[in-house]
């Protein structure tokens, strides 16, 4: 299992823990209602996606339910979609779930054109995704 990245000194008061990521992505991490919520910021492209995928797979391996809040992702390439697809496959193989939420208009367009919304569950908000995951547990 890869080593956990170092924490950034200036933790946000909101309870998010941020990690520097790749060339242009930072990822916030917070557990909400027993579900891990990840919040990448920036661009998920060819430069940043390999590191994003490695960390995302590690998080999926150690959590049954993961929500990826993409509200602060300004762009996602096919490499970013691949990282999400690999995480979805791994989660399903171990009986877990992942979902994405809060897609910006550009990211939503990429999901729609690529039909990726049929690969990963998409929700309007992270709270909606958490609620659906809680309902599925019951």
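Annotations for the structure displayed:
- Any chance residue 129 is within 17 Å of residue 52 (Cβ to Cβ) and buried (at least 16 other Cβ atoms within 10 Å of the Cβ): no
Every residue, every condition in (1) farther than 25 Å from residue 79 by Cβ; (2) over 11 Å from the mean Cα position of the chain (by Cα); (3) modelled with pLDDT under 50, yes or no:
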| residue | (1), (2), (3) |
| --- | --- |
| 7 | yes, yes, yes |
| 16 | no, yes, yes |
| 19 | no, yes, yes |
| 32 | yes, yes, no |
| 37 | no, no, no |
| 49 | no, yes, no |
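- Residues considered: 122, 107. Of these, the only one that is out of contact with any helix residue (DSSP H, G or I) (no Cβ under 8 Å at 6 or more places or on another chain) and either within 12 Å of residue 56 (Cβ to Cβ) or modelled with pLDDT of 95 or more (or both) is 107.
- Close pairs from the range 105-133: first touching a residue at least 60 places away in the same chain (Cβ under 8 Å), partner surrounded by fewer than 15 Cβ atoms within 10 Å (Cβ to Cβ) and not in a helix (DSSP H, G or I), Cβ under 7 Å, at least 6 apart: 130/32; 130/33
The values are calculated or read from the model by the stated rules, or taken from the named source; none is laboratory data. Computed from a predicted model, the values in this text were never measured in an experiment. Using ideal geometry, Cβ is built from the backbone for each residue, glycine included, and neighbour counts are taken over all protein chains shown.
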